[in-house]
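Read the figures in this text as sums done on the coordinates, not as results from a lab. Fair warning: this is a prediction, and the values are worked out from it, not measured in the lab. Quick reminder, even Gly has a Cβ in these numbers, built from the backbone with ideal geometry, and neighbours come from all protein chains shown.
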Amino acid sequence: MKLYGIPNCSTVKKARAWLAGHALEVAFHDFKKQGVDAAWLHKVAAQTGWQALLNTRGTTWRKLPDAEKAAVADEASAIAFMISQPSVIKRPVLERDGRYHLGFAEDHYQAIFGA
């Protein structure tokens, strides 16, 4: 099991706290320090859809010029953009048993873990 994200992200902090509070050990992959690669993004996008993986609600996306936003029009352009700007990846991404789960909501994690 692995959690992907950025450590100072408030949603990632909530997910990590929830997992720790339920005595669930999880490896953490820091997008800023360890990067992100196209193969992994393609695997996640295959399950979740690239539109869900691209966080268009976050500050990083909202601050982008309209021309940059418009250039992200399909999976290939979205993945290239997420590699160059990991902050636009929906966080956290939980990988468990070959499945990817985006974001954090306590009821969703309870359903995943039967907690």
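Data for the structure
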item: Proxy reagent accessibility, fewest Cβ within 10 Å first, across Met82, Met1; result: Met1, Met82
item: Karplus (6.51, -1.76, 1.60) ³J(HN,Hα), θ = phi - 60°, over region 87-101, in Hz, Gly and Pro reported as x; result: 5, 8, 7, 4, 10, x, 10, 9, 9, 9, 6, x, 10, 10, 10
item: Region 62-115: trypsin sites (Lys or Arg not before Pro) falling in loop per DSSP and having at most 11 other Cβ within 10 Å; result: Lys63
item: With Cα atoms, 0 to 90° folded angle of helix 75-84 axis to the chain main axis; result: 80 degrees
item: Backbone HN-Hα couplings from phi across region 52-58 [Karplus 6.51/-1.76/1.60, Hz, Gly and Pro as x]; result: 6, 6, 7, 7, 8, 9, x
item: Cα-based helix-to-principal-axis angle, 10-21 vs the chain, degrees rounded to 10; result: 20 degrees
item: Helical mean residue ellipticity (222 nm; -39500 (n - 2.57) per DSSP H run of 4+; nearest 500) of the chain; result: -13000 deg cm²/dmol
item: Residue-wise HN-Hα coupling along region 63-74, computed from phi with Karplus coefficients 6.51, -1.76, 1.60 (Hz; x: Gly, Pro); result: 7, 6, x, 4, 5, 5, 4, 5, 6, 8, 10, 8
item: Relative contact order (percent, whole number), region 45-91, Cα cutoff 8 Å, 6+ residue spacing; result: 49 percent
item: Distant-in-sequence amide H partners of Arg91 (H built 1.01 Å from N, under 5 Å); result: Gly103
item: Rg over Rh, two decimals, the chain (C-alpha only, Kirkwood Rh); result: 0.97
item: Candidates Val26, Val93, Val36, ranked by Gaussian network fluctuation over the chain, Cα under 10 Å, top entry; result: Val26
item: Region 2-113, dipole about Cα centre (Lys/Arg Cβ +1, Asp/Glu Cβ -1), debye to the nearest 20; result: 320 debye
